[in-house]
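Quick one: this structure, given as structure tokens, is what I'll be asking you about.
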């Protein structure tokens, strides 16, 4: 097996030295290993990459997010300075589109200081190019490095790549799912021999009665608590957009994507995007426990329609050439529909806000939500 990739060789060495590796640790190494990690060593986005995110589908997405941010600024009495923070900003497309949209609100644009949270040097380089006309922009590796102050935080397809624990229900308790070297010499899934003590006491009621063999996924609350504490202490709100489920439940969503197709997550580690669905119910509970107020989640299609994406699409189509108008119509369908290839229902949107903010545009039940 001398032809295995360097990261797999390192993972095998770790397993032989310390025993089977928890799924969360395997995922962490695959994505953020300092030399071979997927999000460190490559640019994964776009048609030439492994997947396409909503901002790459259409400019409308980022434009509406920018106007949503302006609505938050107005709700907190239009502070003269506010941090606009994006976590995992990809190519910088969403932020560039958002900043272009808010030029119609000069007071808000002049109040904004842009902060990008990015660990990938290749993506950071793309972001610098995308935001070349945006004025002063600051890059950080952690949200904690952003200066204190009122903040609007954007996280599109960010939480799905945070390492996930997988627990397996067996006779006698819940056991951590692990990666081991199988009998055939390949990486394989296994189960820790001993159950995690009293893990069942932490489970949502609907998962506590799961049958043997069921898998429950959970992520530590650290990242959502950092977001919640910032908007709680300094004012503002966060918008989390990702694919996942609105209600905590059992299920195995650990997966890999390469070249726009599903791949085996245990083959060629470091060369594919490894994700797991986001548990929005868990995010909501953690944010509220951290002293913030949660709004939603709602489906992405519902959220974008409330923000006016259909009117924006029709306005763009009116002045566009027929081929461009058709592209806009296809993008609208992809962003909002629940059909095959649609992102409208698979993706959810959750708002996390300072407790003094009673509602967030797009996340209430009223279809007549007003944008700036």
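Using only alpha carbon pairs under 8 Å that are at least six residues apart, calculate the relative contact order of the chain and give it in whole percent.
About 19 percent, as a whole number.
Just report the Cα centroid separation between the stretch 228-255 and the stretch 48-123, whole Å.
Using only Cα atoms, the two centres lie 18 Å from each other.
Between the stretch 199-219 and the stretch 306-325, what is the separation of their alpha carbon centroids in Å?
45
Compute the acute angle (0 to 90°) between the alpha-carbon long axis of helix 121-130 and the principal axis of greatest extent of the alpha-carbon atoms of the chain; round to the nearest 10°.
10
If you fit an axis through the alpha-carbon atoms of helix 6-18 and take the longest principal axis of the Cα set of the chain, what angle between them do you get, 0 to 90°, nearest 10?
Approximately 50 degrees, to the nearest 10.
Sort 111-119, 78-86, 9-17 for me by packing, meaning the mean count of neighbouring Cβ atoms within 10 Å per residue, highest on top.
Those peptides, ordered most packed to least, come out 111-119, 78-86, 9-17.
Another question, if that's okay. Going by alpha carbons, how many degrees (0 to 90, nearest 10) lie between the helix axis of 23-32 and the longest principal axis of the chain?
It is inclined by approximately 50 degrees.
A further question on this structure: Quick one: grab the alpha carbon gyration tensor of the stretch 136-282, order the square roots of its eigenvalues as a ≥ b ≥ c, and give me rounded if a/c is under 1.5, else prolate or oblate depending on whether a/b is larger than b/c.
Oblate.
Helix-derived [θ] at 222 nm for the chain: sum -39500 (n - 2.57) over DSSP H runs of at least 4, divide by residue count, nearest 500?
Result for the chain, helices only: -10000 deg cm²/dmol.
Then there's this: Using a ≥ b ≥ c from the Cα gyration tensor of the stretch 271-321 (square roots of the eigenvalues), is it rounded, prolate or oblate, where a/c under 1.5 gives rounded and otherwise the larger of a/b and b/c decides, a/b for prolate?
Judged from the Cα gyration tensor, the stretch 271-321 comes out oblate (a/c at least 1.5, b/c at or above a/b).
Right, another one. Percent relative contact order of the stretch 72-195, based on C-alpha pairs within less than 8 angstrom and at least six residues apart?
Rounded, it is 25 percent for the stretch 72-195.
Moving to a separate point now. Pop the C-beta distance of residue 4 and residue 255 into the FRET formula with R0 = 22 Å and round what comes out to the nearest 0.05.
Efficiency, from the Cβ-Cβ distance: 0.55.
Using mean Cβ contacts within 10 Å as the protection proxy, how do 302-312, 62-72, 323-333, 170-180 order, highest first?
62-72, 302-312, 170-180, 323-333
Follow-up. Which of rounded, prolate, oblate describes the chain, given a ≥ b ≥ c as roots of the alpha-carbon gyration tensor eigenvalues and a/c under 1.5 marking rounded, otherwise prolate only if a/b is larger than b/c?
prolate
Read-outs throughout are calculated quantities, based only on the coordinates presented, and are distinct from any laboratory measurement. Quick caveat: nothing in here was measured; it's all calculated off a predicted structure. Counting neighbours? That spans all protein chains shown, and the Cβs are built from the backbone with ideal geometry, glycine included.
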